[in-house]
Structures are given as C-alpha cells and as structure tokens.
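Read-outs: derived from the displayed coordinates by stated rules, not from any lab. The structure displayed is predicted, hence computed values, not measured ones. When we count neighbours, we look across all protein chains shown, and the Cβ atoms used for this are built from the backbone with ideal geometry, even at glycine.
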Amino acid sequence: MRFPTLSTLAAGLLILLGPVAFADPPAAKPHPGTTTDASGAPEGIQVPKPPFSEGIFPCSSCHDGKSMKPNLKRRELTDMHTDIVLHHGPASRWCLDCHDANNRDSLHLASGEKIPFTSSYLLCGQCHGDKLRDWRVGVHGKRTGSWNGPKQYLLCVNCHNPHTPRFQPLKPMPPPAPPEQIQTRKGGAR
Amino acid sequence: MTDHKPECPIGGCEPPASVGGSRREFLGAATAAMAAALTGCGTLSKEEFLQHNFKELSKEEVLSVIDRLEKEYKAKYGKEVKVANTPAIPGVIFGYALDLSRCIGCRRCVHACVKENNQSREPEVQWIRVLQMDKEEGVNLQHADQYYNPEEVPQEGHFYMPVQCQQCKKPPCTKVCPVGATWREKDGIVVVDYNWCIGCRYCMAACPYGARHFNWGEPHLPADQVNPNTHYLGNRPRPKGVVEKCTFCIQRTRNGQYPACVEICPTGSRKFGNLLDKDSEIRYVLENKRVFKFKEDLNTQPNFFYFYGV
C-alpha cells in the first residue's frame, strides 16, 4: 500500500471537508481516494474513507492468493512497494504484522481478528490506547461539522501515515506585516 | 476613498436653511449638513447617522438597519451579502480550548479567519496572532515572536501559541467603552456594534491579549473575496475607524457550525463547544487535561483555554 505525502494528504482533506472559506494551503490537491462520505464504521463513529493512493485498493487485485503466493518470511521488500519507508516502532516490525496475509483487503489485530481498513483506528489503538480514548471523545485529532450535531471524524491514517506516523512539518503561511513595513498612504489619514 | 477629496467644503453640501424657514427644516438641514461634514460629504446616510445602539433597537428597526446594510454592501461589492441577526442559543455558553502540545504554528487558522470574517486585506487586519515561543522559557511573552517565517514549522526547540480574543467572562474591554458599543452576549461572545463604535480605542488599551484591532484606513476587501454569509455583530464588512475582534465566528457557531479556525487546523489542536453541555469535547478537555488560562492573574476569566493534550 502506498501513501501520498502527508502534507498533501492533510491539505487535500482540509479542502474536501471544510465547508467554506479556507486558506488554500500551498500545493494542495484533493486526494481522489478520500471522500466525506460516512462509511458506516462500527460503534457509530463517522469516518471518511482511508486515504489510499489511487489504484492501490483493493490489494487483492494483485494479492489474490493464486498468482502470487504469500511469502511469510520477514524480509526487506525489493520487487514492489519499495517506496514505503517503515519508521514505526521497533525495527523488527514488518508488513504482515498489520496487513493480513490471507485477506489482503483487511488488516488484522494482534489477536488475529480481521478488521477493515475503515476501522484501522482499532489497530492503532492496540498500542496507542490513550490516543484512541481521546480520539473517541473528539479531543485527539480533528472534528469538523457541527459542534451540536453530526460531526466528521478523520481516521488516524488521515493525518499520520501509518508507515511513517510522525506528523510532517508544514510551510507556514505568511507572517503579519512587521511594523517597519507599514507605511502611511498618500493623502494622509483618509 | 484614500485619495478622494471632498467635493465641497465642509458643511457646504446643502444650501443653508433659509432665514425664515421652520425649526423642523432647519434641524433637518443641520443634521444632513453635520452628517456630511463628519463623513466628507455624504458617505453616511441620514438613517445611519441617526441609528441607535444595536441593543436599543426594536425588531422592526433592526430589520430596516439590516435591509439598509445589505443594500449598501450590494452596491459596494456587486453581490448579495446576507446580514444575519441570529440570537444566542439558550443554554449555550461557548468555550474554546487550544492544544499547545499539537499546534505547529502553520498559521492556517490566521488566514482562514481573515477569509471567513471579511477582514481588511490592506491595511492588513488579522484576529489571530501565532506566537513562537522557546520551549526552555515556557509561556513567556518576553520570548515570543509573531513574525517567524522559516521554511518549515515546527522549529526545533520552539512551541506555538495562537492568541485571539479570549471571550472573557469579565471583559475589561467592554467595561471601558464610553458608549456601550461593545458587550458580552448571553452565549459568552464579546461583540462590537460597528455602527455605534466611535473609534476611541479604549478597549484596545484595556485588552491584555491584544485581541482587538482598529481599522486605521479604509478597509480594502476585494469583492470576489467577500464572504456573503455575515452577522451584524460579526463578520459584516466594517467601515474605517472602528474596532473589530474575534467573535468565535458568530455567523457560523450560532448556526451550529464550528469556527473557521477549528475547521482549518491541520493538527486538530483547536477544540470548540458548549461549556454547559457535559458531553461536549470542551468539557472533556477541561475535566481531563492539564488546562490553563492565559494571564489568569488578571481575573479576566477567559472562556478560551490552553491545554496540553499529550
């Protein structure tokens, strides 16, 4: 699974989710894989779709279990998905710790229970339980919509690339004009 | 208006009232002349000049004022600008919490606010100031920089603290207003009646957060950038010479929406909700996180809180 750069992704989401009047972040392009549709995730939490790279999902279009037998050996990938850099937790971690070997269109928890990509927060919550708790009440992460009505949630992976989860730095928007740049205009006060 | 000279000398727009005229005629002419004199020959209509404090207006008067404003804006910007008069929702007091551990100082909020709230682009007016501070110093205004502009934020060793109107429960700004042009609404939003403000700027001197901003010049707002969804006490286009401030996006929040700064924040640092609703996210923050009020020692009692979400 490939992920676009996080800043593009976050910016794209902002544009899609925000109702009006957004400052246009630089180089922002709505991501095709992301929509504002609620996908009816469990627990009644409204979530947008996971930010898949275009054409990457379903994974089973390649990993159908027939033309390619799953290789369960922990190794560095050399043929495909070489663009994915894994900077997440211990160095021993690898693809099939989260992705399911038998059904590539789903993830699996440590217990082996399969979960869809739309519920990936459950997988993240296995280690980051405090964040999951805060996310559920709307304190970690971002909520849009109405403060007294239906809200739009983002998945963990909408802001944190699961392979490189650290929030990527952004270019700041322009600073206010410093006092020395403020000049009186022709015609005085008026 | 910047280079525009009055076409006639002050007080000379109207023919002088005839010596034998009635008292009524004289007063009418005098009023018009005064309005003209005060504004440089007739940018201010008689109705506007005689308009009372917003709080004293009857329902009908409010509607006629709004009607007049909408016509003015239509003439000025060439598009329909809706001026709402949505009242406070009963049982709601708005609260705001900002997560200092997550804000990265990207200033998306500053510019989203400018767009949403029809601030003057030139001269520049911004309601949110993002302060870059030293981690070693903590929240220390002696070590705050609002003009930082690196290639990327966050910068090593720094944290970021956006400051805007704190919507105090004891606002010093409303206390000092000599004409009562600014007050705290029932839902806790401190508002300004731009038509009643005399531009004395006492409120700016009184505010310890630098949250009030003055229109020193004629506000320049390009017509294609006007946000047509406005509120009388909020983001309607302002005239020159009045003070303005953050209203928690009164035109959005009184209709149930989040403020523009909450919606834009890429890190989800900004939390907003009803302080009286015990299930709201804002109450969760207040009850479960490490929270502080900015300049708490001044007893302004802000409804704007800072917290550490980690």
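Worth a mention:
- The stretch B:81-310 - Debye-derived log10 I(q)/I(0), Cα point model, q = 0.15, 0.17, 0.18 Å⁻¹: -1.04, -1.35, -1.51
- Helix B:23-39 and the long axis of chain B differ in direction by around 40°, with both axes built from C-alpha atoms.
- 3J(HN,Hα) along the stretch A:128-136: 9, x, 5, 5, 4, 4, 5, 5, 4 Hz, from the Karplus curve 6.51 cos²θ - 1.76 cosθ + 1.60 with θ = phi - 60°, whole Hz, x for Gly and Pro.
- Relative exposure of A:H160, A:H81, judged by other C-beta atoms within 10 Å (fewest first): A:H81, A:H160
- Per residue, the convex hull spanned by the Cα atoms of the stretch B:43-198 amounts to 170 cubic angstrom.
- Its alpha carbons give the stretch B:261-310 an Rg and a Dmax of 11.5, 32 Å.
- Between helix B:59-77 and chain B there is an angle of about 90 degrees, using the helix long axis and the longest principal axis of the Cα atoms.
- Across the stretch B:68-148, Cα-Cα distances exceeding 17 Å account for 68% of all pairs.
- Where only C-alpha atoms are counted, convex hull volume of the stretch A:107-166 per residue in Å³: 93
- Once the convex hull of all Cα atoms in the stretch A:131-178 is built, its volume per residue stands at 130 Å³.
- Global form of the stretch B:80-119, assessed from the alpha-carbon gyration tensor, a/c cut-off 1.5: oblate
- Under 5 Å between amide hydrogens, built in the peptide plane, is the criterion, and for B:V163 it picks out B:R129, B:V130, B:L131 among residues at least 5 positions away or on other chains.
- Among beta bridges that DSSP assigns inside the stretch B:81-310, antiparallel share in %, nearest 5: 75
- For B:Y73, B:Y258, order by how many other beta-carbon atoms lie within 10 Å, fewest first: B:Y73, B:Y258
- In order through the stretch A:154-163: 3J(HN,Hα) via Karplus (6.51 cos²θ - 1.76 cosθ + 1.60), integer Hz, x for Gly, Pro: 9, 6, 3, 6, 5, 10, 10, 4, x, 7
- Order of A:C95, A:C156 under a 10 Å beta carbon neighbour criterion, fewest first: A:C95, A:C156
- Phi-based couplings in Hz for the stretch A:94-105 (Karplus 6.51, -1.76, 1.60; Gly and Pro marked x): 8, 2, 7, 5, 10, 6, 8, 6, 8, 10, 5, 7
- Relative contact order, percent, the stretch B:159-237 [alpha-carbon distance under 8 Å, six or more residues apart]: 29
- The stretch B:109-236: C-alpha gyration tensor shape, a/c 1.5 cut-off, then a/b vs b/c: oblate
- Over 28 Å (Cα to Cα) - which of B:K170/B:K278; B:K79/B:K115; B:K59/B:K115; A:K114/B:K278; A:K151/B:K71; B:K55/B:K245 fall in this group: B:K59/B:K115; A:K114/B:K278; A:K151/B:K71
- Amide N proximity, the stretch A:91-116 versus A:Q126 label position 7 Å along Cα-to-Cβ, cut-off under 11 Å: A:94, A:96-100, A:107-115
- Extent along principal axes [Cα atoms of the stretch A:68-190; Å; largest to smallest]: 79, 42, 25
- Average beta-carbon neighbours from other chains, 10 Å sphere, peptide B:257-265: 6
- Taking amide H positions as modeled 1.01 Å from N, with prolines and chain starts lacking one, the residues under 5 Å from B:E185 and 5 or more places away or on another chain are B:V190, B:V191.
- Shape call, the stretch B:209-310: gyration tensor on alpha carbons, a/c limit 1.5: prolate
- For the stretch B:180-261, the Kirkwood estimate of the hydrodynamic radius, built from every pair of different alpha carbons, is 13.5 Å.
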